[in-house]
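Colleague: Submitted below is the structure of interest, expressed as structure tokens.
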Amino acid sequence: MSEKSPGGANFAGLLERNLKLPAAAPKVGATKVETLTQVAVECPELCPRYTARVIRGVKVGPSPAWLQKRLATIGQPSVNNVVDITNYVLMETGQPLHAFDLAKLHGRKIIVREARSGEKFAAINHKSYALESGMCVIADAIGMTPRERGAELERRLRAVEKKVREAGDADQPDPQAQARAEQFIARAEQFEKQAAKAEAAGRAKEADEARASAAQWRDWAQTATRAVAKKR
């Protein structure tokens, strides 16, 4: 079995049984997540989709005994109730989760981006790792000014454009070109929605910036689409 297969599916396959996942039906409040935090996916080819949910009234502490025991059976040490439940869901469904303290989330924003070459990452095991470009990072807005973030995103877009154009000139079609085009269009639509919301709220500057970003993503989508059409 593939190491990327969901953990629960692996066990079900070994036992030759059908996997039954519990239905996810969390209680939903009246406050919209977008008013509390935002998600920006800057590398759709590394992570095409990332969603967020805010949970209130959480008290960090030891996990109940049943959860600690279940994690122990797969060699996963208990950390606390928040970390443990994310690991439990990961092992059950194969879906990675990230838990953040909303009060410590810089900029109240989750940014999914490509790692900068040589960037240092302090892991939960208290060890520091040097990241490489091409790795996907789930971060907040700390460490970079808006100008630096803009420059980094522009660098990434240029790199993507170069890769797509090279695929269009190659003798063999790039099987990922169509997927990239669809991802870029989805990203453009996200910015267009942000622009509409900002304009409705009277935030003209934010709306203009979002529209500019949407236009940029649509430009890359057209480039990718041309590369696909050229090979047909």
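The values are calculated or read from the model by the stated rules, or taken from the named source; none is laboratory data. Computed from a predicted model, the values in this text were never measured in an experiment. Please note: Cβ atoms are built from the backbone with ideal geometry, for glycine as well, and neighbour counts cover all protein chains shown.
Colleague: May I ask you to list pairs of residues, at least six apart or on different chains, whose Cβ atoms are under 6 Å apart, with the first in region 205-223 being within 13 Å of Gln183 (Cβ to Cβ) and part of a helix (DSSP H, G or I) and the second being of a type outside the set (Gly, Ala, Ser) and modelled with pLDDT of 75 or more?
Modeller: Qualifying pairs under 6 Å: Trp217/Phe184; Trp217/Arg187; Trp220/Phe184; Ala221/Phe184; Ala221/Ile185.
Colleague: For the structure I just gave you, tell me whether Leu71 is over 23 Å from the mean Cα position of the chain (by Cα), surrounded by 14 or more Cβ atoms within 10 Å (Cβ to Cβ), at pLDDT 85 or above and among the aliphatic types (A, V, I, L, M). Talk me through it step by step, then tell me what you get.
Modeller: Working: over 23 Å from the mean Cα position of the chain (by Cα): yes; surrounded by 14 or more Cβ atoms within 10 Å (Cβ to Cβ): yes; at pLDDT 85 or above: yes; among the aliphatic types (A, V, I, L, M): yes.
Yes, satisfied.
Colleague: To continue, here is another question. Quickly run through region 117-133 and pick out the residues that are in a loop (DSSP other than H, G, I, E, B), of a type outside the set (D, E, K, R) and either touching a residue at least 60 places away in the same chain (Cβ under 8 Å) or surrounded by 11 or more Cβ atoms within 10 Å (Cβ to Cβ) (or both).
Modeller: Within region 117-133, the first condition is being in a loop (DSSP other than H, G, I, E, B), and the residues that meet it are 117-119, 123-127, 131-133.
Now drop any that are not of a type outside the set (D, E, K, R), which leaves 117-118, 123-126, 131, 133.
The answer is Ser117, Leu131, Ser133.
Colleague: Which one of Leu157, Leu97, Leu90 is in a loop (DSSP other than H, G, I, E, B) and either closer than 20 Å to Arg187 by Cβ or at pLDDT 85 or above (or both)?
Modeller: Selected residue: Leu97, the only one of Leu157, Leu97, Leu90 that is in a loop (DSSP other than H, G, I, E, B) and either closer than 20 Å to Arg187 by Cβ or at pLDDT 85 or above (or both).
For every residue, the table says whether it meets (1) surrounded by fewer than 18 Cβ atoms within 10 Å (Cβ to Cβ); (2) of a type in the set (A, V, I, L, M); (3) at pLDDT 80 or above.
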| residue | (1), (2), (3) |
| --- | --- |
| Arg180 | no, no, no |
| Lys193 | yes, no, yes |
| Lys197 | yes, no, yes |
| Arg203 | yes, no, yes |
| Glu209 | yes, no, no |
| Trp217 | no, no, no |
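Colleague: Cβ contacts < 9 Å: first residue within 13 Å of Gly107 (Cα to Cα) and in contact (Cβ under 8 Å) with a residue 40 or more places away in the chain, restricted to region 23-40; second residue hydroxyl-bearing (Ser, Thr, Tyr) and exposed (fewer than 10 other Cβ atoms within 10 Å of the Cβ), any location; separation 6+ or different chain. Result?
Modeller: Val39/Thr51
Colleague: Taking region 179-216 on its own, how many of its residues are among the hydrophobic types (A, V, I, L, M, F, W, C), under 18 Å from the mean Cα position of the chain (by Cα) and more than 11 Å from Pro44 (Cβ to Cβ)?
Modeller: Qualifying residue count for the region: 1.
Colleague: Looking at Ala23 and the list (1) among the aliphatic types (A, V, I, L, M); (2) modelled with pLDDT of 85 or more; (3) assigned to a loop (DSSP other than H, G, I, E, B), which single condition is not satisfied?
Modeller: All conditions are met except number (2).
Colleague: Answer with yes or no whether Ala123 is modelled with pLDDT under 85, aliphatic (A, V, I, L, M) and within 27 Å of Asp219 (Cα to Cα).
Modeller: Judged against the criteria, Ala123 is not a match.
Colleague: Counting just the residues of region 37-67 that are at pLDDT below 90 and over 21 Å from Gln183 (Cα atoms), which one comes out surrounded by the fewest Cβ atoms within 10 Å (Cβ to Cβ)?
Modeller: The residue in question is Gly57.
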